[in-house]
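A short reminder: the numbers here are calculations on the coordinates, not readings from a lab. Note that the structure is a prediction, hence the values are computed from the model and not measured. Methodologically, a virtual Cβ is constructed for each residue, glycine included, from the backbone with ideal geometry; neighbour enumeration extends over all protein chains shown.
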Amino acid sequence: MKKIILILAFFITVFWPKGAFLAGISVSGGGEKTVGQTFTVSIVASGANFDSFQGTLSVSGPLEVLAVTPGSATWLPGREPKVGGQFVGITKETSSLTIATLKLKAKSEGTAKVEVTGVKLARAGSLVGESGGAATFTIKKPPELPSAVVVTSPTHPDPNQSYEATTVVLNWTRGKGVIGFAYLLDQNANTTPAAKTTSNETSVTYSNLQPGTYYFHIRAQNQDGFGPTTHFKISIKPPEPKEDPNLVAPSQIKISKAEDFENDVKEGLVKGIIISGKGEKGFEIIALLSPLPPAYAGKTLSAFAADDGTFQIKINEKIPSGFYKLILYGKKDLTLTKKSEEIKFEISQKEGGSINLLTDADAAVSSPTPTPLPSITPSQVSFEKLTENISFVSLAIALLSQVGVFIVLRFFKP
């Protein structure tokens, strides 16, 4: 028996056409697809050198054939590759050739197959292969992933606004079938959390965050996988200074000329004015001048109160003479004092220059109200119009009289 097997093996090796077992036409792909998915399949001849080939292509199951693109061969009339028909072609001798490429779409759940049968590969008229091929596809329904998570925040409700709160509370709802959530907080706008459950809860709190812009990224998970990512923007701004009602406003305010006071009458400018008074110890006393002199645009006019509360703010830039309003307040870190009452004063350049505090009555006099024009009644308008008409008639009569005299003298001259 052993001798018979050896003899058969010898005859197969020597006399069987080389490549007959392996050469043929195969179908690429196979495996799982989802309903609605579009994909391609290649029909390839290989396994031996050949110059002609034939076969029959078929597609079965819930697949829609969107296109069949023939390969680069010469096709016998009416025998190019198509589903449900035989293809026959010739080519320059080769060991591998793409017969066709199929574009397919999965229509519904089920099992589908792309198959090539009746295969023959030949070289110089001799058969070199006849193996057919097939690819089987299992088509499943697409996964029903959860929808985007809706995020709200009681501490930072508007993503377009900035808030001082450094503790952020975030809430969201659980959709139907959701079994968990993947989320994280960072400062990148488009981060996608890893497909790993972070928590099954529907809220989270982040504390002691520094001022800046943050993004909360979250996506829900169900039995089919993770849904799309929601990105929630959180803006934290530095705390703004706030007024302490227990702190007094700057008081005993005086406005005077400094020893180096300069009075530039030609330019209408003065320099060297001192604003003094008492304020909270260690606070920066800030002066608000209105109108703001151009020399102090974008600058802070201020001085620190000494241990006894006294301060002196010096205006050492040239400013226009004229009328001003002044308000003072103190600031230390994020704490503000009350504001002083408004002080009105005039910087005059007369007689070497002077500074005069003004009362409300003085300020009203310094800016007199324009005197309104007297009103004209309809009767006054009519009378003036009538006067104009009478004057015009009188002028016309005088002119006509002069013309008449000229005519008489012209034609009745002796």
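Please work out the Cα center distance from segment 196-269 to segment 314-340, rounded to the nearest Å.
The distance from the Cα centre of segment 196-269 to that of segment 314-340 comes to 25 Å.
Given 5 Å bins starting at zero, what is the percent of C-alpha pairs of segment 162-306 in each, up to the one with the largest pair distance?
2, 7, 12, 12, 10, 7, 6, 6, 6, 6, 7, 7, 5, 4, 3, 1, 1, 0
Could you sort 73-86, 187-200 so that the peptide with the highest average Cβ count within 10 Å comes first and the rest follow in order? Kindly include the intermediate steps, with their values, before the conclusion.
Numbers: 73-86: 14.3, 187-200: 11.9.
Those peptides, ordered most packed to least, come out 73-86, 187-200.
Kirkwood Rh, segment 22-140, all Cα pairs: how many Å?
Evaluated on segment 22-140, it is 14.3 Å.
In nanometres, what is the gap between the two model label sites at A124 and E109, each 7 Å from Cα along Cα-to-Cβ?
Here the answer is 5.7 nm between the modelled labels.
Taking the C-alpha atoms of segment 243-366, how large are the radius of gyration and the largest Cα-Cα span, Dmax, in Å?
14.7, 47
What is the antiparallel percent of DSSP beta bridges lying wholly in segment 22-140, to the nearest 5?
Taking every DSSP beta bridge within segment 22-140, about 90 percent pair in antiparallel fashion.
Tell me, in nm to one decimal, what length is gained between T117 and E144 on full extension, where the rule is 0.36 nm per residue of separation less the Cα-Cα distance?
On the way: separation 27, 0.36 × 27 = 9.72 nm, distance 3.77 nm.
Result: 5.9 nm gained on full extension.
Using DSSP to call loops (not H, G, I, E or B), can you name the trypsin sites (Lys or Arg not before Pro) in segment 266-298 whose Cβ has at most 12 other Cβ atoms within 10 angstrom?
Sites meeting the loop and neighbour criteria: K266.
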